[in-house]
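The values are calculated or read from the model by the stated rules, or taken from the named source; none is laboratory data. Note that this is a predicted model, so its numbers are computed, not measured. Here Cβ is always computed from backbone atoms with ideal geometry, including for glycine, and neighbour counts include all displayed protein chains. SASA here: full protein model, heavy atoms, side chains in, ligands and nucleic acids out. Shrake-Rupley method; radii C 1.70, N 1.55, O 1.52, S 1.80 Å.
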Amino acid sequence: MSSETVQSPLKTSAILIGRLIFAAVFLMAVSFKFMGMGATAGYIAAAGFPFPLFLAWCAALLECALVICFLTGAFFSQAALVAAVYVLFLGFSFHGPGHWAANQDEFGFFIDHFTFLAGLLFAAVNGPGRVLTLTPGGS
């Protein structure tokens, strides 16, 4: 077997742990939305978006889909790219420069989105690994 077809145990472990972390972050986010959809809608409304309850449900459904993709590895790279755009949008919409004057902690929250974005982009390029990965189409 060539070295390209064998994945080291360290790489396999790191990829699986990364996938679990991504899934856990979005699972926590969607759990909080389902436990308090009204509060989520209120937060969205406070940011100035129209149709806050509708947008809260859209966010929850997107986050559910991301959890499934990260756990199964199906459509992993595409999901990681969608998640990266979503995280960037959230960072600017809810923690962007307009929020820093009122609360300096918002700058830290804003920067945290970029570290998450970097991980998602890295994951999108490198894929879900070869272990515990569902490949749509059976290949």
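Just one of (1) 58, 29, 20; (2) 46, 34, 23; (3) 42, 33, 20 is Cα extents along the principal axes in Å as worked out from the coordinates here. Which one is it? Of the labelled values, this structure produces (1). Think of a 1.4 Å ball rolled over the protein heavy atoms: the chain then has 61 Å² of accessible area per residue. So what's the angle, to the nearest 10 degrees on a 0 to 90 scale, between helix 9-35 and the longest Cα principal axis of the chain? Helix 9-35 sits roughly 30 degrees off the main axis of the chain. Can you tell me the orientation of helix 105-126 relative to the chain, as the angle in degrees between its alpha-carbon axis and the longest Cα principal axis, to the nearest 10? For 105-126 against the chain, the angle is about 30 degrees. Springs between alpha-carbon pairs under 10 angstrom, Gaussian network model over the chain: which of 119, 129, 108 fluctuates most? Highest fluctuation of the listed residues: 108.
Comparing 40, 12, 115 in a Gaussian network model of the chain where C-alpha atoms under 10 Å apart are linked, the largest mean-square fluctuation is found at 115. By the helix-only formula, in which each DSSP H run with n ≥ 4 contributes -39500 (n - 2.57) and the sum is divided by residues, the chain has a 222 nm mean residue ellipticity of -25000 deg cm²/dmol. Toward the positive end of the charge dipole of the chain, with +1 on the Cβ of Lys and Arg and -1 on the Cβ of Asp and Glu, the farthest Cα among 83, 102, 73 is that of 73.
The string of couplings for the stretch 62-67 from the Karplus curve (6.51, -1.76, 1.60, θ = phi - 60°) is 4, 5, 4, 4, 5, 4 Hz, one whole number per residue in order, with x for Gly and Pro.
Summing Lys and Arg as +1 and Asp and Glu as -1 over all other residues whose Cβ lies under 12 Å from the Cβ of residue 131 gives a net charge of +3.
Put simply, when 47-60, 68-81 are sorted by average Cβ atoms within 10 angstrom per residue, most first, you get 68-81, 47-60. The angle between the Cα long axis of helix 37-46 and the main principal axis of the chain comes to about 60°, on a 0 to 90 degree scale.
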